């Protein structure tokens, strides 16, 4: 239905879950296009509730109903360009940004710079150092988890990020420590240990 509505210029009535179990009021939605990015489908179009162009994860749409209304997509509109420009910060944004220096072996930094966020945020690269301009809000939410697979192969020269990495690792260690204790108390998994 969504793909057909986008192709035919048909307005839909959409119910949406914001991802935290929060249902928001049903809205009229003009789907301009659908984009697959990082394992999820997104519908981009005009949101009648916000009166602006927005993107919505398709898997969070809890109801779609056709209406008798129609729309015309803006000329030369790219759903993909819109989605990426709103996911990744740009220099013109009013977001609080921080420059972060990360050191490591050249091949490890090469791999880090291939990551969608770090590749976009890279401002300077040296053989064993990389400077990134990152949204401060991301430093305390997603960035620590993106860096965890690199374990001790990176040196982070940012107090707020290093602090958040330590907190995230401590929380994870407590979680798995409690899980291990419970398993040992029940006597499970002894043959695997």
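Its Kirkwood hydrodynamic radius, worked out from the mean inverse distance over all distinct Cα pairs, puts segment 2-87 at 12.9 Å. Listing 169, 113 from fewest to most neighbouring C-beta atoms within 10 Å gives 169, 113. Remind me, relative contact order of the chain in percent, using alpha carbon pairs under 8 angstrom and six or more residues apart? With pairs under 8 Å counted, the relative contact order is 15 percent. Shown is the FRET efficiency for residue 159 and residue 87, computed with R0 = 22 Å from the Cβ-Cβ distance and rounded to the nearest 0.05: 0.25.
Seen from every direction in turn and averaged, the convex hull around the alpha carbons of segment 98-169 projects onto 4.0 nm². Listed by Cβ neighbour count within 10 Å, with the fewest neighbours leading, 117, 87 appear as 87, 117. Available extension along the chain between residue 122 and residue 99 is 7.3 nm, counting 0.36 nm per residue and deducting the alpha carbon span. At full extension, residue 140 and residue 171 could sit 9.8 nm farther apart than now, given 0.36 nm per residue minus the alpha carbon distance. Fewest neighbouring Cβ atoms within 10 Å first, the residues 18, 38 line up as 38, 18. Here r is the Cβ-Cβ distance between residue 75 and residue 8 and R0 is 22 Å; the resulting FRET efficiency, rounded to 0.05, is 0.80.
Against the chain, whose longest principal axis is taken from its Cα atoms, helix 159-186 shows a tilt of about 80°. Per residue, the Cα convex hull of the chain amounts to 185 Å³.
Normalising the average separation of contacting C-alpha pairs (under 8 angstrom, six or more residues apart) by the number of residues puts the relative contact order of segment 2-87 at 32 percent. If you look at the Cα atoms of segment 59-149, you get an Rg and a Dmax of 18.2, 59 Å.
Throughout, read-outs are computed from the coordinates displayed, never taken from laboratory work. A quick note: this is a predicted structure, and the numbers were derived from the prediction, not measured. With ideal geometry, Cβ positions are generated from the backbone for all residues, glycine too; neighbour counts draw on all protein chains shown.
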